[in-house]
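Heads up, the thing below is written out as structure tokens.
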Amino acid sequence: MAFHYSRRKLKPREEEEGGELNIVPYLDILMNLIIFMLLSITGLTAFGALNVNAPSYGATAGVGQGDADAPKLNLSVLISHKGLFVRGNSPEAAPAEGGAPTVPVRADGTHDFAALTARMVKLKAAFPQETKVVVAADPDIPYEALIQTMDALRETAGTAAERKLLFPDVTLGVL
């Protein structure tokens, strides 16, 4: 009984002679991870530009807000396709009759952010110590409408010298 060995099996490969590890696939994975992380970080910096603060609780919540006995506004703005609903503890923020939006949409279907800013100026005059507002939106509201609503709540329109802070502490809420 004779055994025949194939020359191919007995001959060592060139890669095995040097004992080197092929690291090209590992470098490909590493480069893909680096590119993914860089693109993720640049996408997250756009979200970091939003000045959204969580509500403060505890002993520091009332520090520096003036009179502790002053009535709270508890302002909230809801964004829907019908318009902007402003709610709070003020006659200017009372719900409209029949469930109509406080600031209805224009005839072309866009939100009237100038009217919202004008209403916020009146509320700020009645509650000068208030800085907080909760913003919520229907799930299918465009992101741009949310950003424009937050801008209308934070500052008045005009040049940089004319702008005033209205409600800089914006908290995103859920309907």
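The values are calculated or read from the model by the stated rules, or taken from the named source; none is laboratory data. As the structure is a prediction and not an experimental result, all values here were calculated from the model. With ideal geometry, Cβ positions are generated from the backbone for all residues, glycine too; neighbour counts draw on all protein chains shown. Surface areas here come from the heavy atoms of the whole protein model, side chains and all, with no ligands, DNA or RNA. Shrake-Rupley method; radii C 1.70, N 1.55, O 1.52, S 1.80 Å.
Taking each residue of the stretch 146-175 that is closer than 13 Å to Leu78 by Cα and open to solvent by less than 80 Å² (accessible area, probe 1.4 Å) and looking for partners that are outside any loop (DSSP other than H, G, I, E, B) and modelled with pLDDT under 85 with beta-carbon atoms closer than 6 Å, six or more apart or interchain, yields Val170/Val52. Of all residues in the stretch 130-144, those being out of contact with any Pro (no Cβ under 9 Å at 6 or more places or on another chain) and either at pLDDT below 85 or open to solvent by 60 Å² or more (accessible area, probe 1.4 Å) (or both) number 5. Taking the stretch 15-57 as the search range and keeping residues that are part of a loop (DSSP other than H, G, I, E, B) and open to solvent by 90 Å² or more (accessible area, probe 1.4 Å), which one is modelled with the highest pLDDT? Result: Asn22.
Is it the case that the stretch 100-122 has a residue that's touching a residue at least 60 places away in the same chain (Cβ under 8 Å), aliphatic (A, V, I, L, M), in contact with a strand residue (DSSP E or B) (Cβ under 8 Å, 6 or more places away or on another chain) and assigned to a strand (DSSP E or B)? No; the residues of the stretch 100-122 include none that is touching a residue at least 60 places away in the same chain (Cβ under 8 Å), aliphatic (A, V, I, L, M), in contact with a strand residue (DSSP E or B) (Cβ under 8 Å, 6 or more places away or on another chain) and assigned to a strand (DSSP E or B).
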